[in-house]
1. Go through segment 83-115 and give me each residue that's part of a helix (DSSP H, G or I), more than 30 Å from the chain's Cα centre (by Cα) and without any contact (Cβ under 8 Å) to a residue 12 or more places away in the chain.
2. Would you pick out the residues in segment 119-136 that are buried (at least 19 other Cβ atoms within 10 Å of the Cβ) and under 19 Å from residue 53 (Cα atoms)?
3. Quick check on residue 60: is it out of contact with any Ser or Thr (no Cβ under 6 Å at 6 or more places or on another chain), surrounded by 13 or more Cβ atoms within 10 Å (Cβ to Cβ), within 22 Å of residue 179 (Cβ to Cβ) and at pLDDT 90 or above?
4. State yes or no: is residue 141 modelled with pLDDT of 95 or more, surrounded by fewer than 19 Cβ atoms within 10 Å (Cβ to Cβ) and closer than 18 Å to residue 177 by Cβ?
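The values are calculated or read from the model by the stated rules, or taken from the named source; none is laboratory data. Owing to the predicted nature of the structure, the values given are computational and were not obtained by experimental measurement. Note that each Cβ is placed from the backbone with ideal geometry, even for glycine, and that neighbours are counted across all protein chains shown.
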Amino acid sequence: MYCPKCGAQNDDQAAFCNKCGTILQKAGPTAGAAASSYTTAVQYAGFWRRFAASLIDFLIYVAVSFLIDFVFGISPISRDWNGSIDTPREVIRYFGANALTVVLVWLYFALMESSMYQATLGKMALGIAVTDMHGRRVSFARATGRHFGKLISSVILCIGHVMIAFTAKKQALHDIMADCLVVVKKKQMEDSTISREG
C-alpha cells in the first residue's frame, strides 16, 4: 500500500503511513478485518487537544472575518462605517459580509477535513485528523454535515461539545451525527509514547 500523501510504501494492514502519519485508506478483501480492528488500535483525540485545535481555527476565523468586514466597509476601523445598518446600502454590506464569512468558514472546514490532510490547520497543528468510523477519509458531504452539526452541539449550551470528555470514543454530538472520529495521528502517538517512556 502506498501513502496517498507522501507516496511511501506501507504494510497492507497499516492504518497510518509509517513516514508521514497520514491515515491510510483500506481496500480489497482485508478491508473488513482491518476496519473492525481500527477502533481498538486508534487513539482518540481528547477534549483539551480538540479545544486547542478549535482555538487555533477560531483565531483564523476572526482574522478572515475582520478582513472581510474591512473589505465590505463594516469594520470598526472603516472610515465610512458608523456601526448602524439603517440604510439599504448598509444592510447589503452587512449581510453580504456575514454571508460570505459563513460560506468561507464552511468551505474551510469541509474542504480541509475531506482533503488528504483530513484536518483543518488547527487540527494539523495538534496532530489530529477527522476520519469515518473505519479510519478512512470522509467525503465533502459528510464533512459538511459534521460542520453544520456543530450548530446543534453549540445551541444546547455547548453540551454537544462537552460530550467529548465523556463518550467512549471522544466523540462530540456532531461527530456521532456524522459517524466520524477525531483521532491522533500515528506520529503523534509515537512521540507521546516515547516521551512517557523517557
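1. The initial filter retains those residues of segment 83-115 that are part of a helix (DSSP H, G or I), namely 88-113.
When the remaining residues are screened for being more than 30 Å from the chain's Cα centre (by Cα), the result is 88-92.
Those that are part of a helix (DSSP H, G or I), more than 30 Å from the chain's Cα centre (by Cα) and without any contact (Cβ under 8 Å) to a residue 12 or more places away in the chain: 88, 89, 91, 92.
2. Selection gives 119, 120, 122, 123, 126, 127, 128, 129, 130, 131.
3. Working: out of contact with any Ser or Thr (no Cβ under 6 Å at 6 or more places or on another chain): yes; surrounded by 13 or more Cβ atoms within 10 Å (Cβ to Cβ): yes; within 22 Å of residue 179 (Cβ to Cβ): no; at pLDDT 90 or above: yes.
So residue 60 fails the test.
4. Numbers: modelled with pLDDT of 95 or more: yes; surrounded by fewer than 19 Cβ atoms within 10 Å (Cβ to Cβ): yes; closer than 18 Å to residue 177 by Cβ: yes.
Judged against the criteria, residue 141 is a match.
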